[in-house]
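Everything on this sheet refers to the single structure shown next.
The values are calculated or read from the model by the stated rules, or taken from the named source; none is laboratory data. Bear in mind that the values here come from a model prediction, so they are computed numbers and not experimental data. So basically every Cβ, Gly included, is an ideal-geometry build from the backbone, and we count neighbours across all protein chains shown.
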Amino acid sequence: MPQWDLANSDCVLVMGSNMAENHPIAFRFVLQAKARGATIIHADPRFTRTSAMADIYAPIRAGTDVAFLGGIIRHVLEHDLWFREWAIPYTNIATILGEDYRDAEDGDGLFSGWQEESRKYSPESWQYEGVTMPSALAESYVDTEGFCEATKRLHEGPPPRDPTLQHPRCVYQVMKRHFARYTPEMVERVTGCPREVFLKVCEALARNSGRERTTAICYAVGWNHHSTGVQIIRSGAILQALLGNVGRPGGGMLALRGHTSIQGSTDIPTLYDMLPGYLPQPHAFKPHSTLESYLDAETSPTGWWRNFPKYAVSLLRAWYGEAAAPENGWGFDWVPRIVGDHSQLPLTVAMRNRIIRGLFVMGQNPVVGSSNSLLVQRGLADLDWMVVRDFAETDTASFWRDGHLVRSGGMRPEDIRTEVFLMPAALSGEKAGSFTNTHRLLQWHDKVVPPPGDSRSEHWFVYHLGRRLKDLYAASEREEDRAIRALTWEYPVDDEGEPDAEAILQEINGYTWPDRTLLPDFEALKEDGSTACGCWIYSGVFPKPGENRSRARRPDGPEGPGTHLGWGFAWPSNRRTLNNRASADPEGRPWSERKRLVWWDEAKQEWASPDQIDFPKDKRPDYEPDWSRKPAGMDAISGRQPFIMIPDGVAGLFVPSGLKDGPLPAHYEPVESPVANPLYGQSISPAAKRWEHADNPVHGTGDPRWPHVLTTFRLTEHHSGGTPTRLVPTTAELQPEGFAEIPTELARALGIRSTDWVVISTPRGAIETRALVTDRLRPWRLDGRMVHQIALPWHFGWVGYATGDVANVLTAVVGDPNTGMHENKALTCALRPGRLRRAGGAGVAREAR
Amino acid sequence: MSRQPPRRGLAERAAEFAREWSVPRQLRGADHRREAAEAAISRTLRPRLEEADRVGTSICPYCAVGCAQLIYARDGRPIHVEGDPRSPVNQGTLCPKGAATFGLMTSPMRLDRCLHRVPGATAWREVTLDWAMDRIAHLVRRTRDETFVKDLPDGTPLNHTLGIASMGGATLDNEENYLIKKLFSGGLGMVFVENQARV
Ligand code: SF4
C-alpha cells in the first residue's frame, strides 16, 4: 500500500517496527490517521517513541510474534469477527485440502511431509484435493512427483470448495483446529503480553475492519529477522485477509524497508536466486537444463504468471542481443545455474572456507552489518582480493588494519594476504538514476554536481569493468566465455565516460527487437524474440523517447484523489494499490462509499478508479471461465478473483506450495531461546537454516550460561552499517557512541549504572559497551523464572566520528528457511559489568585511530 | 552563512545595544515576531539559497521511505539540501538522516582518490583510477578462469563460478543494479551476488 494511504486507515498496527524512529517521515501518515480518530497499536519488546504515540502498547517477548498474531487469528475465528462476504470469495478459506494433510497440532509441532534425513518438508501432503498448486513465488516449481503434469489439472476447473465451510478438510476448519490452543491465556504465557492488553488489540482490529472500516499493518525487519520471519509476516497477511483489509483504501500490509533502493535491488535483484522481475535463477537440480524445460516447470498454467515465457525470453534478448537465437534457447545456457543457497549467510561461510576468493563490496559494510562479524572478518582475511566502493573508508575496507583480528585476535596486518582496493563512489546528487522506494515507487534523481576527484558512479564502474573484460575475452573461443562476449554492452557515454542512465532505464523498460522502439508496457512483450526487456515489471516506466515517468513530479492537488498518479511511477503499470479489485464486492460495487477505490462501470463496460486497476480492465465481474475449453492464464481467472498472480486467483490463507517451513504459521522459539516451546514438543523451527562451522557455535535451548534475551535495534540518527552517518558530523554528534539498553531490575542486580562499561557475550564472541539503564524493556516471568531482555543498536564500528563495538560480533549465522534472513532479533547472551581485556589495552570502542 | 560584525568599542556597542534592543520597540507596539525582532545584522543577511546557480531534484539516499529532496549548488558544489515541498511522500520534510545529506556529500572524511593495499602491507597507497580498473579486470579474469565450472560430471550445465562474490546494491540506483546483475551474473557467471535485502 502507498505510505500516504495510511492516513485513510481506521486502525494501524505497527509491529516488528519502531516506525516513529526508523521511518519517521512515513509515520506522519499514521499520526494523520490518529488525528482523524484512528486507533494506533504498537506491539514490541521495547517501549519506544512509536509506543509513546500509540493508543495501545502491547509488550511482547522478542521472538514470540507468531504466538501473538496466532492468538488474534484464533480470536477473530472463534468469535466470528472476520469479514465473511470478503473472505469467502476472495481467499481460499473454503478450499478443501487432500486427505493426507496432518497439522502441526497432530505432530507436536511437525506438519506432515517432514523428512528427517534431508531435514526438509515435502509439500505433497499440503495440496488441495486433487490439485497440485504451483507456488506463487519466483520459483513456481516445487519438487514433487510429476509436478508439471499434476498442475495441469488447474485447466479443468477450480480447486474444490465448500462455501458453507462445513467440510472438515476445508481451510476454515483446518485453521480453527490449528489455532485453537492460541488462547489469550496461552498468548500471555508465551509472549508475556497481559491478557487484557491482548484482548484490547483483538477488539480494536476487529472493530476497525469490515465494509466501512479498514486496518493497516506496518512491519519492518523486526518481523523478518527471525528463524520464523516469513511465517510472522504470513500471520499478519492471514489476519488481514480474514478481516478483508487487502487492496482497499487504508488497508493492507506496508513493509517498511531499510535502504533507499532496497526494493529496487530486489525487483532488479542483485540477489542470487532471481533474475529481474521475480523470474527464478535457473537451478542445476531442478528441471532447468534447457529453456524448454525451464519454461515448462516455471510457467503457471493459470493466472498472470502464465505470461512467464514472454518475460524470460525478452530478458534473454536484452542480455544477449544478436547472439540470442531460437537454436540456442535465446542464450539460456549462458545464464549461470545455482546449486544451493548462495545468499548472504552462506556467502560468509564460503569466504571462510576459501570457496570465494575475490569479493566486490559496493555500498555495503558487512563487517558491521553481517551476522557473526568475527567469522566475516576472518573470511575477508582469507580472500585473495577485495574491491570496496564507498564514499569513504569503511570498517570493511580497513578490517586488515583496525579490525578485531588485529586488535584482539593476535594477527598482524603483515599476516593478512588480502589485496584490497578502496575506490571512491559518487552519491545520489552526483549521478542520475532511479530509486524504488518501499511502496514500489520509482523516483528519479538528477545529477546536480559532479562527484569529487576520482569518485565515480557504479554505472561508470560496472560499465568500464565490463568493457575491459569484454576486451580481455574478445579473442577467446572457449564455450565458457560465450556469455561475456555475447553480452550487449553498448550504452552512450558522456565526456567523462559516464554511461547514460536513461539509456539503461530504456533497456529495463523494453523495446522491440531489432529496431528498438520503446514499449508502452509489459502487455506488449512477446516470447518470439521480437521484444527485449530488462525487467518486465518496470515496463511502462519509459514508454516513449523523452518520457521518463520515474522523473514525473506532478502530485495531486488538495482536491485531487490522492493517488498521485503523476508523481513517479509505481510498478506494475503505475498501480498504486495492488489487488485493488478487492476494494469492490464480487458484483463490482464498492464495499462502502467510505472505502471506495475501484468499481465496475456498467455503462462503459470497464473497471473505474482514481487508481490504475490491478485487474484486466474490461473483465466483467460476472465472467466465469468456460472449463470445457480448458482455459489457461487469465482466462481461467473469474471476474470475482482479485489475486491475479496466484494460480487460483484468491489469497492463500493456507499455502499449499512455496513455503519451506509449513503451510500455516506455528509458534517456534528462536534457535537460541531461554525457554522451551510451551506449545509444541518441537521447540524451534525444524526447518531453520543453520550452518555448522567451528567459528559459528550455537547453543541449545535454556543454556544457563546465556540467560538473557538479546535483541538488536536501529536509531533514528544512524543508518544500517553506519558508514553514511557515523562519518557525518551532525548525525554523529546526535548519537556519538554505542550503548546497550539494560532493564533496571537486571542492572540493579548486577550493580550496573547508566554509562558504566559492560561486557555482553555469546558463544560467538564478546563486546564491551556503555550501559543505558532503562524501564523501556520489561522482564518476563517465564515458567517460573525471571527473564530479562537486553537491546543493542547495531550501527557501530571503529570508523567515523561516532564509534562503538560491533554488535554483530554476538550474532549467529542462523536464519529463516525461506529467505535465508538471519535471526538477529532474538537470541540469548550473558552480561557482566566491566571491560574486555584486549591486546591493545582499552576496548576497540574507545581507541582513537 | 555567518558574517562577523567588526570589533568596536564599549560605548559604541552599548549604544547599538540600546538601539537594537527589542523590548522598547515592542513596548512601542511593534510586532515581537516581526519588526521588533529585527536587528541590524539580520537586515543584511540574505538566504543562502539565493547564491545557488543550480537546483536539482533528488531522493534521500538513506531509507526506503523515499523522501524527495532539492539540492542547491554553486560552482559545481552543493551548498544546501532540503526536502522537496511538492512531494506527496514528505511534503518538504526530512528526518535527521535525510537532513544530514548535505553533511554526507561534504563530509571531511570523504575519499576522493583510489587506494590500494598490497597483500601484507600495513598502509594504503594511492593509485590511479585507470591502474585500479586494469588490475581489477585482470584479477576478475584470473579468478574466474581458475574457478569456472562448465558442467557437472553428469553433464548438467552449470556455467558458473563460485570464486567471485559481490555484496551491495540496496543503496544503488536501479540502473546500477541492472548492470551489476547483467555483467556479474549474465556475463561472468557469478552466483554469489547479494545485497542488503536480507540484512
Ligand atoms: S528523510 Fe528520513 S524518512 Fe525520509 S527517506 Fe530519508 S531517511 Fe527515510
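Taking (1) in contact with a Phe, Trp or Tyr (Cβ under 6 Å, 6 or more places away or on another chain); (2) closer than 30 Å to A:Ile790 by Cα in turn, A:Phe47 satisfies each apart from (1). In summary, A:Ser754 fulfils each of the numbered conditions (1) within 26 Å of A:Ala397 (Cα to Cα); (2) in contact with a strand residue (DSSP E or B) (Cβ under 8 Å, 6 or more places away or on another chain) with the single exception of condition (1). Whether a residue is over 30 Å from the mean Cα position of the chain (by Cα) and not in a loop (DSSP other than H, G, I, E, B) was assessed, and A:Ile537 does not pass this test. Inside the range B:36-75, can you point out the residues that are touching a helix residue (DSSP H, G or I) at 6+ places or on another chain (Cβ under 7 Å) and over 30 Å from A:Gly363 (Cβ atoms)? B:Ala36, B:Ala37, B:Ala39, B:Ala40 - these are the residues of the range B:36-75 that are touching a helix residue (DSSP H, G or I) at 6+ places or on another chain (Cβ under 7 Å) and over 30 Å from A:Gly363 (Cβ atoms). The range A:231-323 holds helices (runs of 4 or more DSSP H) entirely within its bounds, and those carrying 3 or more residues that are under 30 Å from A:Leu13 (Cα atoms) map to A:264-267. Among the residues making up the range B:111-140, those that are β-branched (Val, Ile, Thr) and at the interface with chain A (Cβ under 7 Å from one of its Cβ atoms) are B:Val118, B:Thr122, B:Ile136, B:Val140. Given the condition without any contact (Cβ under 8 Å) to a residue 12 or more places away in the chain and more than 7 Å from every other protein chain (Cβ to nearest Cβ), answer yes or no: does some residue in the range A:447-469 qualify? No; the residues of the range A:447-469 include none that is without any contact (Cβ under 8 Å) to a residue 12 or more places away in the chain and more than 7 Å from every other protein chain (Cβ to nearest Cβ).
The rows are residues; the columns are (1) modelled with pLDDT of 95 or more; (2) of a type outside the set (Asp, Glu); (3) in contact with a helix residue (DSSP H, G or I) (Cβ under 7 Å, 6 or more places away or on another chain).
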{"site": "B:Leu104", "(1), (2), (3)": "yes, yes, yes"}
{"site": "B:Ser107", "(1), (2), (3)": "yes, yes, no"}
{"site": "B:Asp112", "(1), (2), (3)": "yes, no, no"}
{"site": "B:Gly120", "(1), (2), (3)": "yes, yes, yes"}
{"site": "B:His138", "(1), (2), (3)": "yes, yes, no"}
{"site": "B:Arg141", "(1), (2), (3)": "yes, yes, yes"}
{"site": "B:Asp145", "(1), (2), (3)": "yes, no, no"}
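Within the option set B:Thr147, B:Thr101, being over 25 Å from A:Tyr278 (Cα atoms) and buried (at least 24 other Cβ atoms within 10 Å of the Cβ) holds for one residue only, B:Thr101. Within the range B:39-57, take every residue that is in contact (Cβ under 8 Å) with a residue 24 or more places away in the chain and surrounded by 13 or more Cβ atoms within 10 Å (Cβ to Cβ) and give me the one that is nearest to the ligand (Cβ to nearest atom). Once the filter is applied, the top-ranked residue is B:Thr57. When you scan the range A:502-517, do you find a residue that is within 26 Å of B:Ala137 (Cβ to Cβ), among the β-branched types (Val, Ile, Thr) and not in a helix (DSSP H, G or I), even just one? Checking the range A:502-517: not a single residue is within 26 Å of B:Ala137 (Cβ to Cβ), among the β-branched types (Val, Ile, Thr) and not in a helix (DSSP H, G or I). Looking only at residues in the range A:754-786 that are in contact with a Lys or Arg (Cβ under 8 Å, 6 or more places away or on another chain) and within 14 Å of A:Pro59 (Cα to Cα), the one that is modelled with the lowest pLDDT is A:Trp780. No other residue among A:Arg705, A:Arg748 is of a type in the set (Lys, Arg), assigned by TED's automatic domain parsing to the domain that holds A:His795 and not in a loop (DSSP other than H, G, I, E, B) apart from A:Arg748.
Scanning the range B:25-38 for residues that are surrounded by 12 or more Cβ atoms within 10 Å (Cβ to Cβ) and more than 41 Å from the chain's Cα centre (by Cα) turns up B:Arg25, B:Gln26, B:Ala30. Residue-level check: of (1) over 18 Å from the mean Cα position of the chain (by Cα); (2) assigned by TED's automatic domain parsing to the domain that holds B:Tyr62, B:Phe102 misses just (1). A count restricted to the range A:76-113 and to residues that are surrounded by fewer than 19 Cβ atoms within 10 Å (Cβ to Cβ), more than 30 Å from A:Ile637 (Cα to Cα) and not acidic (Asp, Glu) stands at 2. For the range A:352-374, residues that are closer than 10 Å to A:Thr394 by Cα and in contact with a strand residue (DSSP E or B) (Cβ under 9 Å, 6 or more places away or on another chain) total 4. Taking the range A:417-434 as the range and being at the interface with chain B (Cβ under 7 Å from one of its Cβ atoms) and more than 28 Å from the chain's Cα centre (by Cα) as the test, the residues that pass are A:Arg417, A:Thr418, A:Glu419, A:Val420, A:Phe421, A:Leu422, A:Met423, A:Pro424. The listed residues are A:Ile96, A:Ile25, and the only one of them that is more than 16 Å from the ligand (Cβ to nearest atom) and among the aliphatic types (A, V, I, L, M) turns out to be A:Ile96. Among the candidates A:Thr712, A:Thr701, the residue that is of a type outside the set (D, E, K, R) and crowded, with 21+ Cβ neighbours inside 10 Å is uniquely A:Thr712.
Residues in the range A:168-188: is at least one farther than 27 Å from A:Leu659 by Cα, surrounded by fewer than 16 Cβ atoms within 10 Å (Cβ to Cβ) and touching a strand residue (DSSP E or B) at 6+ places or on another chain (Cβ under 9 Å)? No, the range A:168-188 has no match at all.
Scanning the range A:486-530 for residues being touching a residue at least 60 places away in the same chain (Cβ under 8 Å), within 13 Å of chain B (Cβ to nearest Cβ) and over 22 Å from A:Val541 (Cβ atoms) gives a total of 2.
Within the range A:52-68, is there a residue that is touching a residue at least 60 places away in the same chain (Cβ under 8 Å), farther than 21 Å from A:Val230 by Cβ, within 16 Å of the ligand (Cβ to nearest atom) and in the same structural domain as A:Ile238 (by TED's automatic domain parsing)? Checking the range A:52-68: not a single residue is touching a residue at least 60 places away in the same chain (Cβ under 8 Å), farther than 21 Å from A:Val230 by Cβ, within 16 Å of the ligand (Cβ to nearest atom) and in the same structural domain as A:Ile238 (by TED's automatic domain parsing).
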